[in-house]
1. Calculate, in nm to one decimal, what residue 16 and residue 42 gain on full extension: separation in residues at 0.36 nm each, minus their alpha carbon distance.
2. Which residue, 20, 98, 127, has the largest displacement toward the positive end of the dipole of the stretch 2-135 when charges sit on each Cβ (Lys, Arg +1; Asp, Glu -1)?
3. In whole Å, what is the distance between the alpha-carbon centres of the stretch 92-135 and the stretch 1-50?
4. Could you work out the local net charge near residue 98, counting Lys and Arg as +1, Asp and Glu as -1, over the other residues with Cβ closer than 11 Å to its Cβ?
5. To the nearest 20 Debye, how big is the dipole of the chain about its Cα centre, given +1 on the beta carbon of each Lys and Arg and -1 on that of each Asp and Glu?
6. For the chain, what does the helix formula give at 222 nm: sum of -39500 (n - 2.57) over DSSP H segments with n ≥ 4, over the residue count, nearest 500 deg cm²/dmol?
7. Between residue 81 and residue 60, what is the FRET efficiency for a Förster distance of 30 Å, r being their Cβ-Cβ separation, to the nearest 0.05?
8. In whole percent, what relative contact order does the chain give with Cα contacts below 8 Å and a gap of six or more residues?
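Just so it is clear, none of the values below were taken in a lab; they were calculated from the coordinates. For clarity, every value in this text was computed on a predicted model and none was experimentally measured. Cβ: placed from backbone, ideal geometry, glycine included. Neighbour counts: every protein chain shown.
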Amino acid sequence: MRAHLCAFFAGIIFATGLAVSGMTRPSKVRGFLDFFGEWDMTLLFVLGPAVGIYLAGTFIAKRRRPSVAADCQAPEKIGARFVIGCVMFGIGWGLVGICPGPSVVALGQGSLPVALFFICMAFGIGITDRLLAKGS
């Protein structure tokens, strides 16, 4: 129960941060990635603290046992599948201006393009899971 509550409140904090920062608006993300046009640098104020919090969390996590789980698994090596997935994620995010986390939050805003993105994303995840299950 404690793990579920921690996950719930972490999700609420994450969703609030995404909504307040504008990350749920594809135009905001595309504006941030448009370095040679009308560059909108305001997401740097989100990126900077996020990287700092991530680094602090990683530093703490390496020294302590998880408080609500038996252990914390991290990949031992980075393989080609991981790198290809990261590249595809980045290209898709840059082209569309939205990624999985903000799409879930933006579903509550009633945007049809975001809903279509979410449906396609879920379909792609399902196909990938089936293909990976067959391959292993």
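1. 7.7 nm
2. Positive-most Cα among the choices belongs to 127.
3. The stretch 92-135 and the stretch 1-50 have Cα centres spaced 16 Å from each other.
4. Charge balance near residue 98 sits at +3.
5. Here the size comes out at about 500 debye.
6. -23500 deg cm²/dmol
7. Efficiency, rounded to the nearest 0.05: 0.55.
8. That works out to 31 percent.
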